[in-house]
Structures are given as structure tokens and as C-alpha cells.
Amino acid sequence: MSEVNPASAYGYPPGGRRPRRARQAISIAVVIIVAVLLAALLAFCGRSQGGGGAAGGHARGRAGAGGPGGAGSFARGGRPPATVGVARATLGSIPITESALGTVTPLATVQVNARVSGQLVKVGFREGQMVRKGQLLMLLDPRPFQAALDQDLAVLAHDQALLADAKLDLNRYAVLKAQDSIATQTYDTQVALVQQYEATVRQDQASVASARLNLEYAHITAPVSGRVGLRQIDVGNQVTANETTPVTVVTQLDPITIVFPLPEDAIGEIMAHNGGAGLQVTAYDRTGANVVAVGKLLTLDNAVNTTTGTVNGRAQFSNADGKLFPFEFVNATVLVDTLQNQVTVPTTAVRHGPNGDYVWVLQPNRTVKQRPIKTGPATPETVSVVSGLQAGETVITDGGDRLRDGAPVILPGQGRPGAGQAGGGTGTGHRHHGNHQGGQGGGGAPSNG
């Protein structure tokens with residue numbers, strides 16, 4: 001009788017080895033069993049501490065709900081309170097201004113030309129120098145002009161002598177005519193000769209004046225006080241009278257003016273103040289941040305530019321320090337009027353919505369309320385409030401983008417509302433009571449706070 005292999009009887013291959021698939025299945029089953037046991041152990045441990053934990057959680061929930069400012073909404077999953085900046089609405093003055101980009105325009109810019117021709121022998125200025133009216137700038141060779149003057153003076157003296165002699169003869173002829181000793185024709189001829197010499201003398205005097213003027217023109221002087229520019233010719237060159245290119249340019253700097261366009265809508269307000277003359281005008285640099293000079297409005301132009309709808313204004317400034325440079329661009333602001341006792345808030349407090357302007361007003365319980373307002377004139381820093389807000393109320397200036405009606409806020413230098421009470425309640429329950437009593441201690445903390 002043949003022996004039966006036990007391994008073969010159970011379906012194992014000869015040699016007693018189990019198949020690989022069987023071994024893998026057993027390993028997976030073991031891992032699953034271990035995981036289940038571990039999960040059961042963790043659940044048991046959690047239930048053993050559940051009384052204290054649940055009570056602590058309940059205490060934290062009550063602490064959050066009991067905090068000031070509605071902090072419980074944050075504990076229940078709402079938005080956290082926003083940290084905001086605040087300012088108080090105050091009574092103040094608001095200037096009514098009109099601003100525009102203007103051009104610094106000198107009262108006089110004079111191109112200096114030679115009015116006679118001659119050789120340049122001297123330059124009496126440095127480029128960029130401040131000169132006075134009448135100061136010598138250039139000198140042409142004066143000798144030809146002096147010689148011409150001397151010649152004309154000599155001719156004048158000659159003709160004046162002839163005139164004097166003719167007058168003496170006329171006086172004698174007048175005596176003889178009275179005695180009826182000479183013919184009337186002789187007397188009349190002498191009268192005509194005297195008149196001829198008188199005309200010749202007047203002509204000689206005009207020639208002398210012209211020669212003197214040419215000699216004066218040889219001295220090229222500053223026509224106005226101001227800053228002299230670059231010279232266009234050097235010593236030794238021949239200068240031609242009335243050339244197209246000037247020998248230099250003198251620009252008056254003090255006082256100086258600014259020309260700037262104003263909207264036609266502002267003409268009425270400006271003209272109501274003595275035609276605009278004397279209104280304060282402030283000149284700022286290109287950035288608009290720094291004051292360059294303060295002056296007065298002189299006048300408005302006599303017509304509106306139909307292309308731009310503006311009218312040019314001219315303001316005059318003292319410019320002894322030279323801060324206003326000719327033909328540079330500056331920002332000019334005209335102070336038209338000043339409104340007194342206006343409710344004002346910072347510009348950052350005013351917000352714009354589909355229904356108009358509004359502000360967030362801080363309530364006594366550290367929540368905010370949206371308040372519609374009507375704004376008036378403004379400055380870069382403040383806005384006047386015509387209606388909707390009273391002086392003394394506190395408005396939100398920063399952090400208002402995420403606010404809504406009734407939302408709690410955190411003011412600068414203060415903690416989050418309710419945070420201290422919630423933490424204190426939880427800590428007190430765990431420190432002074434057992435696990436079971438911890439929930440009651442934590443829940444009672446907000447009522448004490």
C-alpha cells in the first residue's frame with residue numbers, strides 16, 4: 001500500500017512549501033488586523049479623555065461667543081475682526097482752489113543785437129551773470145564813430161559862423177532899409193540867406209546827434225536787468241548791425257510770472273474777486289509736493305481758447321532766490337476762496353459705492369456702520385462732508401475694504417476682541433480643575449470677563 005504525502009493531500013507541492021500568493025495574502029491580512037487594533041486603541045484613549053476635551057471645547061465656544069464686538073462669529077467660522085485705522089471728524093477750513101500746469105514766463109526776454117557795424121573789442125560780462133539795466137555788455141571799436149562825430153561838429157561850427165555873419169549883415173541892412181538907403185531886394189536876399197544858414201545849422205545839428213548816437217551804439221548795454229545768456233561772438237570779430245542772430249540774450253528773472261490755463265467754469269468765481277487780481281497763487285514743483293514760490297494773480301486773458309475750453313491766467317512772483325527758472329513747467333494753484341467751519345475727514349475715509357459716497361463709522365461697541373454722506377470741496381489730504389456726518393464722530397481710514405455692517409474691528413494698539421477671555425477660560429479650567437470639571441471652569445470665564 002503506497003504512502004500518501006501530507007503536503008500533496010492538502011494541495012501543497014512536494015517539499016512542504018506554500019505558494020507565494022498564499023504568503024502575500026497572509027501578510028496583508030496581518031497588516032489589516034494590526035491597523036484595526038491600533039485604531040481601536042486610539043479610539044479608546046480618546047474616549048477616556050473626551051469629557052475634559054469636550055468641556056474645554058465648549059468653554060472655548062462660549063468664550064468666543066461672549067467676547068465683545070461679536071467675536072463669536074469668528075469662533076463659529078466667520079471672518080476674523082479686521083485691524084483698522086481711525087480718525088475723528090473735525091471742524092476746519094477748506095480752501096477752494098484751481099490747479100493747472102503752468103509755464104514760467106519772464107516779464108522780458110530781450111535779444112541783444114548791435115545797432116551799428118564795427119569790430120568787437122571788448123566783452124563786459126560773463127555768461128550767466130546777473131546784469132543791471134544799462135550795464136556795458138560789449139564794446140565795438142568807437143574810433144570811427146568818434147571821428148564822424150568830430151567831423152560833424154566841425155561842419156556845425158562852420159555853418160553856425162556863417163549864420164552869425166549873415167545875421168549881422170541882416171541887422172545892418174535893416175538899419176539902411178529904414179533910412180531908405182538900400183534897395184528892398186538886397187534886404188530880402190539877406191533875409192533868405194539867414195534862413196538858409198539856419199536850416200544848414202539845424203541839419204548839422206541832426207548830423208551831430210546821429211554821430212553821437214552811433215558812438216553810443218558802439219557801447220552795447222543791457223536793455224533790462226536780468227540774467228545774461230551765452231554770447232554768440234568773440235572779441236576781434238566784425239559785428240554787423242541788426243543781424244538775425246543776437247550777440248546774446250538777457251532774461252528778466254525778478255519779478256517773474258507764470259502763465260497757466262484755467263477751466264472756463266472757474267472764470268465766474270475768479271472774476272467775482274476784483275477780476276481775479278490779487279488772488280494768492282502757489283507754485284509747486286513738477287511732483288506737486290514742494291512749494292517753490294507764492295505770488296499773486298495779475299489777470300486773466302481776454303478770451304477763452306475754444307480748442308481747450310480754458311483761459312490763460314498770469315501770476316507774478318518775487319524770484320530773488322532764482323527758484324523759478326524761465327520756461328520750466330510748474331504746478332500753479334489759485335486760492336479762489338476758503339470755506340470755514342466745515343466737517344472734514346481724511347481723504348482715505350471716504351469710499352465710493354454704487355449708491356454714492358459713504359464712510360464707515362465706529363460704534364461704541366467696536367463695530368462699524370456704513371453711513372452715506374454727501375461730500376463737498378476737498379484738498380489732497382481732507383474732504384469736507386456736507387451732510388451725513390457730525391463733527392466728533394470716528395471714521396475708519398484704513399482697512400475698510402473687508403468691512404460690512406456690524407462687523408467687529410480691532411483698533412490700533414488693541415488685541416482681537418474676546419481673545420483674552422477665551423484663552424483665560426480654557427487655561428483656568430485645565431489648571432485648577434480635574435479633567436471632568438475643566439469644562440465648567442472654562443465655560444464660566446467669559447461671564448467673569
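The values are calculated or read from the model by the stated rules, or taken from the named source; none is laboratory data. Just so it is clear, the structure is predicted and the values come from calculations on it, not from any experiment. Please note: Cβ atoms are built from the backbone with ideal geometry, for glycine as well, and neighbour counts cover all protein chains shown.
Filtering the stretch 335-375 to residues that are in a strand (DSSP E or B), β-branched (Val, Ile, Thr) and surrounded by 14 or more Cβ atoms within 10 Å (Cβ to Cβ) leaves VAL336, VAL343, THR344, VAL345, VAL359, VAL361, THR367, VAL368, THR375. The single residue among ILE220, ILE256 that is surrounded by 16 or more Cβ atoms within 10 Å (Cβ to Cβ), under 55 Å from the mean Cα position of the chain (by Cα) and not assigned by TED's automatic domain parsing to the domain that holds ALA148 turns out to be ILE256. For the criterion of being small (Gly, Ala, Ser), under 31 Å from the mean Cα position of the chain (by Cα), under 13 Å from VAL345 (Cβ atoms) and at pLDDT 90 or above, ALA391 passes.
Here VAL155 fulfils each of the conditions (1) of a type outside the set (D, E, K, R); (2) touching a Ser or Thr at 6+ places or on another chain (Cβ under 8 Å); (3) more than 30 Å from ALA108 (Cβ to Cβ); (4) modelled with pLDDT under 95 apart from (4).
Filtered by the rule that a residue be in contact with a Phe, Trp or Tyr (Cβ under 6 Å, 6 or more places away or on another chain) and of a type in the set (Val, Ile, Thr), the stretch 374-405 gives a lone residue, ILE396.
Of the listed requirements (1) in a helix (DSSP H, G or I); (2) free of Cβ contacts under 8 Å to residues at least 12 places away in the same chain; (3) surrounded by 13 or more Cβ atoms within 10 Å (Cβ to Cβ), GLN205 misses just one: (2).
Against the test of being over 16 Å from ARG88 (Cβ atoms) and touching a helix residue (DSSP H, G or I) at 6+ places or on another chain (Cβ under 8 Å), the options GLY313, GLY322, GLY356 yield a single qualifying residue, GLY313. Screening the candidates VAL116, VAL104 for the property of being among the hydrophobic types (A, V, I, L, M, F, W, C), touching a helix residue (DSSP H, G or I) at 6+ places or on another chain (Cβ under 6 Å), at pLDDT 90 or above and surrounded by 17 or more Cβ atoms within 10 Å (Cβ to Cβ) yields one hit, VAL116.
Any residue in the stretch 141-148 that is acidic (Asp, Glu) and either within 60 Å of the chain's Cα centre (by Cα) or modelled with pLDDT under 95 (or both)? Yes, that holds for at least one residue. Scanning the stretch 255-265 for residues that are of a type in the set (D, E, K, R) and in contact with a Gly (Cβ under 8 Å, 6 or more places away or on another chain) yields a single hit, GLU264.
Somewhere in the stretch 279-301, is a residue in contact with a helix residue (DSSP H, G or I) (Cβ under 6 Å, 6 or more places away or on another chain) and over 14 Å from VAL104 (Cα atoms)? Checked against the condition, which is being in contact with a helix residue (DSSP H, G or I) (Cβ under 6 Å, 6 or more places away or on another chain) and over 14 Å from VAL104 (Cα atoms), the stretch 279-301 yields at least one hit.
In the stretch 270-279, of all residues being crowded, with 16+ Cβ neighbours inside 10 Å and not small (Gly, Ala, Ser), the one that is farthest from GLN316 (Cα to Cα) corresponds to ILE270.
Among the residues of the stretch 296-318, those that are part of a loop (DSSP other than H, G, I, E, B) and either surrounded by fewer than 13 Cβ atoms within 10 Å (Cβ to Cβ) or in contact with a strand residue (DSSP E or B) (Cβ under 6 Å, 6 or more places away or on another chain) (or both) comprise ASP301, ASN302, ALA303, VAL304, THR306, THR307, THR308, GLY309. Among the residues of this structure, SER181 does not count as one that is without any contact (Cβ under 8 Å) to a residue 60 or more places away in the chain, in contact with a helix residue (DSSP H, G or I) (Cβ under 8 Å, 6 or more places away or on another chain) and of a type in the set (Gly, Ala, Ser). Could you please let me know if VAL330 is closer than 21 Å to GLY275 by Cα and in the same structural domain as ASP265 (by TED's automatic domain parsing)? Considered against the rule, which asks whether it is closer than 21 Å to GLY275 by Cα and in the same structural domain as ASP265 (by TED's automatic domain parsing), VAL330 comes out as no. Among the residues of the stretch 216-263, those that are among the polar types (S, T, N, Q), part of a loop (DSSP other than H, G, I, E, B) and under 13 Å from LEU137 (Cα atoms) comprise SER225, GLN232.
State whether one or more residues within the stretch 378-390 are part of a loop (DSSP other than H, G, I, E, B), touching a Lys or Arg at 6+ places or on another chain (Cβ under 9 Å) and not polar (S, T, N, Q). Yes, the conditions are met somewhere in the stretch 378-390.
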